[in-house]
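The values are calculated or read from the model by the stated rules, or taken from the named source; none is laboratory data. This is a predicted model, so every value here is computed, not measured. As a convention, Cβ positions derive from the backbone with ideal geometry for all residues, glycine included, and neighbour counts pool all protein chains shown. Ligands, DNA and RNA are excluded from the accessible area calculation, which covers all protein heavy atoms including side chains. Shrake-Rupley method; radii C 1.70, N 1.55, O 1.52, S 1.80 Å.
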Amino acid sequence: MKQDIPKAYEPGVVEDDIYQTWEQSGFFNPDNLPGKRTDAFSITMPPPNATGVLHIGHAVMLAIQDLVIRFARMRGKKALWLPGTDHAAIATQSKVESLLKEQEHKTKHDLGREQFLQRVEAYVAQSRNTIKNQVKKMGSSCDWSRERFTLDADVSLAVNEAFKQMYEDDLIYRGHRIVNWDPQLQTTVSDDELEYLDQRSPFYYFQYGPFEIGTARPETKFGDKYVVMHPDDTRYQGYAHGQQLELEWINGTITATVIKDKAVDMEFGTGVMTITPWHDATDFEIAERHHLDKEQIIGFDGKLLPIAREFAGESIFEARVKIVEKLKQKGLVTRIDNDYSHRVAINSRGEGVIEPQIKEQWFVSVNTPVKKFGGKTLRERSLEVVKQGDITILPGRFEKIYFHWLENLRDWCISRQIWYGHRIPVYYREKQMHVGGELPKGDGWEQDPDTLDTWFSSGLWTFSTLGWPQKTQDLKTFHPTNLMETGYDIIFFWVARMIIMSTYLLEAVPFKTVYLHGLVRDEQGKKMSKSLGNSIDPLDTIKSYGADATRLSLLIGSTPGNDMNMSEAKVAGYRNFVNKLWNISRYILMNVAEVKLVEKQPKPKTLADAWILSELNILIEAATNNIEKYNLSVVGEKVYEFTWNKLADWYVEIAKIEKDKDAILLYILQTLLKLWHPYTPFVTEEIWKKLGTAELLMIQPWPEIQGKVDVKAQRDFALVQDLIVGVRNIRAQAKIPPAQKLDALVIAPKKAKLIEEQAAVISALARLNQLKVAASGAKPKESLSVIAAETQLYLPVSGMMDIAAEVARLEKEAVRVEQFVQHLAAKLENQRFLERAPKDIVDNEKVKLIEHQDLLEKIKQQLASLQ
RNA sequence: GGGCGUAUAGCUCAGUUGGUUAGAGCGUUACAUUGACAUUGUAAAGGUCCGUGGUUCGAGUCCACGUACGCCCACCA
């Protein structure tokens with residue numbers, strides 16, 4: 001039955017329909033998969049922000065995870081890819097705040113907590129579907145029936161339970177600490193969410209009693225009554241720790257105390273500094289060490305407090321200038337360095353300049369011994385599971401980075417002063433405190449106004465999505481998950497936190513393998529950004545080139561941990577390939593007598609058959625092994641190479657000459673569609689439909705090797721290729737049209753002794769030339785048989801020149817091969833090599849020697865026949 | 001300041017515990033081509049594998065130092 005198949009593949013026409021078919025089949029849900037499936041394979045999708053739009057970073061994550069999960073599904077696993085969205089507390093809240101300001105000129109305080117949160121929820125509900133539909137555009141085969149949102153009731157329950165358990169185990173405590181305070185968003189910001197801007201600003205030197213101190217922040221100096229120096233600093237040996245000095249300062253005479261502490265850098269400035277413990281983390285630590293007073297200078301609104309007297313109520317930037325002026329008048333300014341550059345911390349989620357402040361916050365203690373870890377701490381346990389190999393991080397070098405980070409990890413501040421998010425499950429009534437998710441009985445209980453750091457709930461994501469703390473069947477089946485695939489930029493934010501939470505709460509790792517993909521950059525390797533105008537929108541490329549081409553361009557040429565460059569030209573290139581695959585299929589389907597499924601590998605009848613089937617088997621094995629090892633790019637390249645350079649360029653061409661290849665062509669096509677499916681699900685599924693089966697490709701079993709790899713066929717076919725290409729070149733140089741008959745002769749000699757036949761072709765070419773050059777017109781005396789008769793038709797006199805070129809090429813080749821043979825022979829006589837090199841390498845070299853001696857012999861024969 | 005990387009063709013990058021005579025895609029050039037392919041084919045040109053030493057029978061691969069670039073972390077007031 002001949003089918004009418006369009007000449008070009010049009011992704012835009014078919015992709016949405018195919019996705020719908022997949023979704024309706026129910027096979028995204030592992031419970032519906034056919035057959036008996038005992039092994040589970042699960043991936044939890046890193047949840048995109050609910051209010052976001054799909055960007056290229058999501059696209060790469062979806063492409064990789066979909067590939068892996070489709071592979072697992074085809075290999076007969078109970079494959080679950082659990083999708084979700086994240087509430088992204090700070091980002092979402094500030095987005096809604098700015099909308100409110102723009103549209104209604106209101107702040108969140110005008111609405112109040114309850115109303116404002118309703119607005120946020122409405123906004124989230126409306127934009128959540130957008131990203132969900134965009135995820136589908138990529139072809140993501142995730143189980144939407146298990147989709148979770150980080151603020152879902154059951155997920156929140158897990159969050160409260162985790163908090164409670166950790167509190168009861170003394171792993172969560174409340175304390176005063178320096179936090180990064182964002183006066184603009186009125187919230188604390190975690191260390192990981194800080195960004196630094198290089199700034200050039202004046203650096204002032206002031207006279208502070210007998211000392212000269214330097215600062216870039218004069219406005220914090222009101223309360224400075226401790227002067228600190230290094231205990232080993234010989235310049236200040238005359239001053240003793242604890243010594244008190246009377247001195248003139250901004251607002252009159254004060255008493256300063258000398259503190260000796262090793263935190264001071266003797267090389268920096270004058271080696272003396274005053275400290276402001278309330279607004280500087282280093283100073284805070286010094287103050288803690290020596291039990292010094294801490295005074296707040298700057299309010300949470302970023303304005304100076306009454307301690308600043310006449311400057312009270314002014315912003316730090318206004319006050320800075322005035323204070324310097326006042327000190328100048330008092331003659332206390334010794335010099336000003338206008339060329340001082342330092343870094344200013346800002347909130348990466350907003351724009352506020354960070355002001356360190358002391359606040360009462362909730363913390364997770366990473367250094368408290370945990371009973372169930374036999375006294376190990378959360379930090380130590382998290383290090384251990386990776387060191388022991390319970391978790392593998394790809395690429396390996398990130399394990400080092402992970403260790404380094406954990407070894408230096410400090411307590412984790414988990415409270416945030418924003419409204420949107422998981423509210424801290426703690427209730428207060430006068431001096432009573434109740435920890436737990438439910439409002440305690442009785443009147444007058446107030447819940448803590450703060451919310452939890454997003455990463456606290458994200459840390460539970462692999463199991464809160466599976467029903468924990470309930471002991472669900474899903475949790476039992478799918479946890480620990482098999483793969484966590486995410487960008488290397490959030491290894492600390494998220495990956496480490498998941499390991500901490502899961503090892504503690506479940507006493508199990510959250511995942512067995514971590515695959516960290518790189519950043520997607522533009523073709524010059526620059527970061528993509530809207531302002532540069534160099535970003536590629538995956539939704540655009542899907543529209544113009546198709547989801548399959550978009551996926552390929554993200555999958556091939558990308559290795560874990562390394563950034564990859566992306567350009568529209570690259571996507572266009574893969575669109576060409578997808579179209580090539582389409583046309584190969586089109587040709588096969590239109591030219592076979594009967595389209596049908598061929599499950600068993602047909603018997604090879606000719607050299608070309610044996611060769612292509614061997615190549616296919618090699619490909620199947622390489623693809624399977626490498627996907628299992630997450631060498632995803634390599635597999636794409638190999639299958640690509642097979643499809644284009646082996647199947648299309650050679651085997652399909654040969655099939656035009658040799659007949660009776662329907663079964664093999666169909667078998668190869670089917671196998672290839674399966675191999676491609678995890679990479680390019682849409683086009684393969686579309687072609688599969690035309691094979692006359694009602695079953696979906698997505699649940700077909702992954703191909704297995706059938707039959708043996710015929711090494712001899714591979715070697716012989718390589719010679720055939722050389723011969724054909726050589727003859728074509730000769731003809732091309734002599735401007736003679738290609739000869740299909742000649743190709744046919746070489747590809748399918750009538751006799752079995754293939755190589756000899758080829759030699760005969762060569763020798764026939766040479767002989768004919770000689771004869772023609774002789775211009776005698778004499779008939780060849782020896783029987784050149786059919787070969788000569790055929791070649792005669794095409795071979796020109798001028799071909800003699802090309803024979804000379806061929807001889808030159810072969811001679812050159814002979815020299816090179818001979819050199820190599822000598823090299824190998826010498827090596828095999830080298831005692832040290834024989835003693836020291838591993839046995840398999842020695843054997844390998846012996847085999848190579850024989851092979852190359854053989855090859856040299858053949859080249860010599862060819863040469864002889866030409867001369 | 002501490003840590004982790006990268007340097008291979010004009011461009012983007014592979015190169016698997018050291019073992020052929022270093023590869024691919026794109027681009028360039030030549031030739032062929034209207035075909036299953038307006039998205040095709042065959043080939044060619046193009047390399048000091050950043051530099052200098054070292055280990056080894058053998059180094060793009062391992063080591064040391066240097067140079068250039070990138071990223072992450074950090075308490076220099």
Rounded to 0.05, the calculated FRET efficiency for the beta carbons of A:GLU10 and A:ALA569 at R₀ = 25 Å is 0.75
The extension gain from A:ASP170 to A:GLU248, computed as 0.36 nm times the residue separation minus the Cα-Cα distance, is 23.4 nm
Of the listed links A:LYS7/A:LYS570; A:LYS322/A:LYS359; A:LYS101/A:LYS359; A:LYS294/A:LYS359; A:LYS580/A:LYS603; A:LYS78/A:LYS136, those spanning more than 19 angstrom between alpha carbons are A:LYS7/A:LYS570; A:LYS322/A:LYS359; A:LYS101/A:LYS359; A:LYS580/A:LYS603; A:LYS78/A:LYS136
Reduced to Cα centres, the span from the range A:557-617 to the range A:451-520 in Å works out to 37
Taking a probe of 1.4 Å and leaving out DNA, RNA and ligands, the range A:1-98 shows per residue an accessible area in Å² of 37
Probe 1.4 Å, heavy atoms of protein chains only: per residue, the accessible area of the range A:378-471 in Å² is 45
Counting only protein heavy atoms with a 1.4 Å probe and every protein chain in place, the carbon and sulfur fraction of the accessible surface of the range A:552-627 in whole percent equals 50
Length-normalised contact order of the range A:530-652, Cα under 8 Å, at least 6 apart, in percent, tallies to 27
With 0.36 nm assigned to each residue of separation and the Cα-Cα distance removed, A:ASP31 to A:PHE317 gains 96.8 nm
Note to self: with every protein chain in place and a 1.4 Å probe, the range A:152-277 gives an accessible area per residue in Å² of 44
Measure of exposure for A:ILE418: accessible area at 1.4 Å probe, Å² rounded to 10, is 10
For the range A:240-300, shape from the Cα gyration tensor axes a ≥ b ≥ c, cut at a/c of 1.5 then a/b versus b/c, turns out rounded
Counting only protein heavy atoms and leaving out ligands, DNA and RNA, the solvent-accessible surface of A:TYR167 at a 1.4 Å probe, in Å² to the nearest 10, equals 70
To the nearest 0.05, the calculated FRET efficiency linking A:ILE401 and A:GLU628 through their beta-carbon distance, R0 being 25 Å, is 0.50
Measure of exposure for A:LYS225: accessible area at 1.4 Å probe, Å² rounded to 10, is 60
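Given an 8 Å cut-off on Cα distances and at least 6 residues of separation, report the relative contact order of the range A:1-111 as a percent.
Relative contact order for the range A:1-111 comes out at 29 percent.
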In nm, the gap between the two label points placed 7 Å beyond Cα toward Cβ at A:GLN447 and A:LEU597 is 5.4
For A:CYS413, A:CYS142, the accessible-area ranking with a 1.4 Å probe, largest leading, is A:CYS413, A:CYS142
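Need the full-extension length gain, A:ASP337 to A:HIS241, defined as separation in residues times 0.36 nm minus the C-alpha distance. One decimal, nm.
Working: separation 96, 0.36 × 96 = 34.56 nm, distance 2.97 nm.
My answer for the length gained is 31.6 nm.
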